[in-house]
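Following: one structure in structure tokens, then a few remarks.
The values are calculated or read from the model by the stated rules, or taken from the named source; none is laboratory data. Bear in mind that the values here come from a model prediction, so they are computed numbers and not experimental data. Because the Cβ atoms are built from the backbone with ideal geometry, glycine has one as well, and the counts that use them run over all protein chains shown. The protein model used for the area step is the full one, side chains on, heavy atoms only, and it has no ligands, DNA or RNA in it. Shrake-Rupley method; radii C 1.70, N 1.55, O 1.52, S 1.80 Å.
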Amino acid sequence: RDDAIRIISYRRYYKNKLNASRHYSYNRQNDVISIQLVRNDELKGISKNKIDFKFKYDSHGNWVQQIKSVNGQPLFIWHRKIEYYN
């Protein structure tokens, strides 16, 4: 964890062997913008993937669009509408 108590890395073990790890990066709004995944499978070997997120924010600092890409290929775009009341 970092100073802001955000998860920076995560490791998973199976039968006392490291079989997966994740490394996270964040933006100023504390949204995850990048995840590096590494898996070690006894049958398939080591696989690596990178997941990236891009955000658009409204005037209140809340994200209204999120684009997720895996290994550089866009996967989906989420939109959300937030209504504010006075």
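Quick notes on this structure:
- For the chain: rounded, prolate or oblate by the Cα gyration tensor [a/c cutoff 1.5]: prolate
- Counted charge near Q36, where neighbours are those whose Cβ lies closer than 9 Å (Asp, Glu -1; Lys, Arg +1): +3
- Pairwise Lys count, the chain - Cα closer than 26 Å, eight or more residues apart or different chains: 14
- For segment 69-79, 3J(HN,Hα) computed residue by residue from phi via the Karplus equation (6.51, -1.76, 1.60; θ = phi - 60°) reads 10, 10, 6, x, 9, x, 9, 7, 10, 9, 10 Hz, glycine and proline entered as x.
- Relative contact order for the chain, counting Cα pairs under 8 Å that sit 6 or more residues apart, in percent: 15
- Q73 sits among other residues whose Cβ lies under 15 Å from its own Cβ, and their net charge, with Lys and Arg +1 and Asp and Glu -1, is +3.
- Of all accessible heavy-atom area on segment 1-78, the percent that carbon and sulfur account for (1.4 Å): 49
- Segment 14-57 - percent relative contact order, Cα under 8 Å, separation 6 or more: 30
- Counting charges near I7 (Lys, Arg +1; Asp, Glu -1) among other residues having Cβ under 14 Å from its Cβ returns a value of +2.
- Accessible surface for the chain, divided over its residues, is 84 Å² per residue with a 1.4 Å probe.
- Extreme residue, positive dipole direction of the chain, given options G72, Y13, L37 (C-beta unit charges): Y13
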